[in-house]
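Down below is the structure, laid out as structure tokens.
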Amino acid sequence: MEKGKMNSAMPCILNRRSVRAYTSEEVSKDAIMQMLTAANWAPSGNNMQPWRFSVVMNNKELIKKVASLTVYHNWVETAPCLIAVFLDTKVLDDKVPSIYLKHAQSIGAAIQNMLLAAHGLGLGTCWIGEILKNEDKVRELLGVSDELQLMAVISVGYSSRSNLKSNRRDISENIISWL
């Protein structure tokens, strides 16, 4: 690649949007596996790979139950696939705050990899954090161990809307120093 030239990841980064309206078209298992593989290659401290995933797809009843645990249930239940992302607390060293933060950051990187991979596959996604208040109920519905801490639920599907718009502050407003 030439110096100063935009790399191929940039269009996905700049054009990805949160999708909150889905068609009824099912998502393929292969597409979900590609997203999870992208997540699995995220950076993690000491290569601990603290992420775990529970995939709900082609199960409208269970999707509706999980969706009912968020104020966004009206559009979450339209997604043909939900991916619950968990932190495996067995990797934590006595719950030291800095170690926890390191693993939580790794989970964030894994989620971002999933979102970008989905966009590259023509899929829409939305990172749902508001559902965390019902973590115990989500774990119960999905049959997940208490050793796993819910970090997010990702809705996945084909967007029923086109030309989703967004804007950002100019980057100069976010740079606090450049030494």
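The values are calculated or read from the model by the stated rules, or taken from the named source; none is laboratory data. The structure displayed is predicted, hence computed values, not measured ones. As a convention, Cβ positions derive from the backbone with ideal geometry for all residues, glycine included, and neighbour counts pool all protein chains shown.
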Taking the stretch 135-147 and the residues there that are in a helix (DSSP H, G or I) and in contact with a helix residue (DSSP H, G or I) (Cβ under 7 Å, 6 or more places away or on another chain), the one that is surrounded by the fewest Cβ atoms within 10 Å (Cβ to Cβ) would be Leu141
The residue that is surrounded by the most Cβ atoms within 10 Å (Cβ to Cβ), considering only those in the stretch 148-179 that are in contact (Cβ under 8 Å) with a residue 40 or more places away in the chain and of a type in the set (A, V, I, L, M, F, W, C), is Val153
Among the residues of the stretch 72-79, is there at least one that is of a type in the set (Asp, Glu), under 22 Å from Arg139 (Cβ atoms), without any contact (Cβ under 8 Å) to a residue 40 or more places away in the chain and part of a helix (DSSP H, G or I)?
-> no
Unique residue being among the β-branched types (Val, Ile, Thr) and more than 16 Å from the chain's Cα centre (by Cα) when the list is Val138, Val56, Val91 = Val91
From the option list Ala104, Ala152, single residue qualifying as part of a helix (DSSP H, G or I) and small (Gly, Ala, Ser) is Ala104
Among residues belonging to the stretch 77-107 that are among the small types (Gly, Ala, Ser) and more than 14 Å from Gln49 (Cβ to Cβ), point out the one that is modelled with the lowest pLDDT.
-> Ser98
Residues of the stretch 19-47 being at pLDDT 95 or above, buried (at least 18 other Cβ atoms within 10 Å of the Cβ) and not in a helix (DSSP H, G or I), in sequence order, are Val27, Ala42
Find all pairs meeting these conditions: Cβ atoms under 6 angstrom apart; at least six residues apart or on different chains; first residue within the stretch 124-147 and over 17 Å from Ile32 (Cβ atoms); second residue at pLDDT 95 or above and hydroxyl-bearing (Ser, Thr, Tyr).
-> Glu130/Thr70; Ile131/Thr70; Val144/Ser54
In contact with a Cys (Cβ under 7 Å, 6 or more places away or on another chain) and within 25 Å of Ala9 (Cβ to Cβ) - does that describe any residue in the stretch 96-107?
-> no
Taking only the stretch 110-134 into account, find how many residues are assigned to a helix (DSSP H, G or I) and surrounded by fewer than 16 Cβ atoms within 10 Å (Cβ to Cβ).
-> 3
Across the stretch 60-71, which residue is surrounded by the most Cβ atoms within 10 Å (Cβ to Cβ) among those that are within 29 Å of Gln49 (Cβ to Cβ) and in contact (Cβ under 8 Å) with a residue 24 or more places away in the chain?
-> Val66
